[in-house]
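Visitor: Have a look at this one.
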Amino acid sequence: MIRDAGGPAASEARLLRVEGVVKRFGGATALNGLMLSLGAGESLGVTGPNGSGKTTLLNVISGVVRPDLGRVWLAGLDITGWPPHLIVRAGVARTCQPSRLPLRLTVEQYVEAATLHRRLGRFRRRRVVNQVLDLTGLTDLRKRDASTLSSGESRRVQVGHTLATGGRLLLLDEPFASLSPGDAPEVLSVLRRLRGQGLAILLVAHTATVFQALCDRIAVVEAGRVVRTGSPAEVLRA
Ligand SMILES: Nc1ncnc2c1ncn2[C@@H]1O[C@H](COP(=O)(O)OP(=O)(O)OP(=O)(O)O)[C@@H](O)[C@H]1O
Ligand SMILES: [Mg+2]
């Protein structure tokens, strides 16, 4: 399907393990011994106050930031400190906290650009792009200049770009932030569809509706540590 065949099996007990990660920026401790794990196909919500370290956690997992201490394991492989492009190849793809799509590309060019590191023939590449456009509901918009899209459409392009890397773990940083209210349901239904495809998702978000619709578990981060985990019902009740 979207992923190359023949990659590591998606059935390892823990797809991702973050063990005791510490990251300091000058005098500020962004991550303070954070522990987290995620199973293949699992969808984990990460929430917590502003500045608690959620984006830094995604930066460490995706290789954008190197931790001072601790390890990150992907399906049993120690990926700590790997450069981002190798982590993408290993199957981890991420979106950034909402921003406008920076390049003047069409929707399908955005999606295709994310496949270019993959050794796919022309036909396979086309098929992946078509599948991603279909899964994200963007087929009818494929020729549109991405800078002319609504907030929900842009967000779906960002998710499609992530998906087209062939990742088995998607890291989504606040995909519902700064969406107009009418656009949130379409993004939610795309993410539900991806979850249904068996992709593992680590999703930074803040609302009960999103957690209930998308997540198997929630981890609450405060001051750079996970202070609580549980099912959405357990954590939202607390
Ligand atoms: N590149 C950086 N340089 C210096 N300090 C940083 C950097 N990145 C993050 N920080 C600091 O690390 C702490 C955690 O920031 P982070 O962005 O991870 O929090 P967050 O939980 O994602 O917050 P928000 O909910 O506002 O997105 C903050 O004090 C932040 O100022
Ligand atoms: Mg953040």
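Values quoted throughout were computed directly from the atomic coordinates according to the rules given, and no laboratory measurement underlies them. Predicted model, so just to flag it, every value in this text is computed and none were measured. Neighbour counts run over all protein chains shown; Cβ positions are idealised from the backbone, glycine included.
Visitor: Taking the radius of gyration and the Kirkwood hydrodynamic radius from Cα positions alone, what is the Rg/Rh ratio for the range 66-126, to two decimal places? Don't jump to the answer; show the numbers that get you there.
Guide: Working: Rg = 15.0 Å, Rh = 14.2 Å.
That ratio is 1.05, to two decimals.
Visitor: Oh, and also: Please state the shape class of the range 93-204: rounded when a/c is under 1.5, otherwise prolate if a/b exceeds b/c and oblate if not, all from the C-alpha gyration tensor.
Guide: On the way: a/c = 1.61, a/b = 1.20, b/c = 1.34.
It is oblate, given that a/c is not under 1.5 and a/b is not larger than b/c.
Visitor: Now a separate question. Please compute the net charge surrounding T56, taking Lys and Arg as +1 and Asp and Glu as -1 over other residues with Cβ under 15 Å from its Cβ.
Guide: Values: positive: K23, R24, K54, R66, R94, R225; negative: D68, D173, E174, E222.
Counting the neighbours of T56, the net charge comes to +2.
Visitor: Helix 151-164 versus the longest principal axis of the chain: what angle, 0 to 90°, nearest 10, using Cα atoms?
Guide: That helix lies at roughly 80 degrees to the long axis.
Visitor: Another question, then. Once Rh is set to the Kirkwood radius over Cα pairs, what Stokes-Einstein translational diffusion coefficient, in µm²/s, holds for the chain at a temperature of 37 °C and a viscosity of 0.692 mPa s?
Guide: D = 182 µm²/s.
Visitor: Now, a different point. Which percent, to the nearest 5, of DSSP beta bridges fully inside the range 129-238 are antiparallel?
Guide: Working: 5 of 10 bridges.
So the antiparallel bridges in the range 129-238 amount to around 50 percent.
Visitor: Place the peptides 159-168, 136-145 in order of packing, highest mean first, counting for every residue the other Cβ atoms within 10 Å and averaging per peptide. Don't skip to the end; give the middle numbers.
Guide: On the way: 159-168: 23.8, 136-145: 16.3.
Going from most to least packed, we get 159-168, 136-145.
Visitor: To continue, here is another question. Placing unit charges on C-beta atoms (Lys and Arg positive, Asp and Glu negative, everything else neutral), compute the dipole magnitude of the range 128-183 about its Cα centre in debye, rounded to 20.
Guide: Magnitude of the dipole: close to 180 debye.
Visitor: Here is a further query. Taking the 0 to 90 degree range and rounding to the nearest ten, how far is the long axis of helix 184-196 tilted relative to the main principal axis of the chain, both from C-alpha atoms?
Guide: 80
Visitor: Another question, then. Compute the Cα gyration tensor for the range 143-192, then decide on rounded, prolate or oblate, letting a ≥ b ≥ c be the square roots of its eigenvalues: rounded whenever a/c is under 1.5, prolate when a/b is larger than b/c in the other cases, and oblate in all that remain. Spell out each step's value before the answer.
Guide: On the way: a/c = 2.05, a/b = 1.22, b/c = 1.67.
Cα axes put the range 143-192 in the oblate bin.
Visitor: If you don't mind, there's one more thing I want to ask. Which trypsin sites (Lys or Arg not before Pro) in the range 57-127 sit in a loop by DSSP (not H, G, I, E or B) and have at most 12 other Cβ atoms within 10 Å of their own Cβ? Display every interim value, and only then the final one.
Guide: Values: sites: R71, R89, R94, R100, R104, R118, R119, R122, R124, R125, R126, R127; in loops: R100, R104, R118, R119.
Here the sparse-neighbourhood loop sites are R100, R104, R119.
Visitor: Relative to the first principal axis of the alpha-carbon coordinates of the chain, what is the inclination of helix 122-135, with its axis defined by its Cα atoms, in degrees from 0 to 90 and to the nearest 10?
Guide: 70
Visitor: While we're looking at this one, here's another question. Treating only the Cβ atoms of Lys and Arg (+1) and Asp and Glu (-1) as charged, compute the dipole magnitude of the range 82-238 about its Cα centre; round to the nearest 20 debye.
Guide: Computed about the Cα centre, the dipole is about 740 debye.
Visitor: With both partners inside the chain, how many of the DSSP beta bridges are antiparallel, as a percent to the nearest 5? Write down the numbers at each step before the final one.
Guide: Numbers: 21 of 37 bridges.
Taking every DSSP beta bridge within the chain, about 55 percent pair in antiparallel fashion.
Visitor: With Cβ to Cβ distances under 12 Å as the rule, what net charge do the other residues near E186 carry (K, R +1; D, E -1)? Show your work: numbers first, answer last.
Guide: Values: positive: R155, R156, R192, R193; negative: E153, D183.
Net charge in that neighbourhood comes out at +2.
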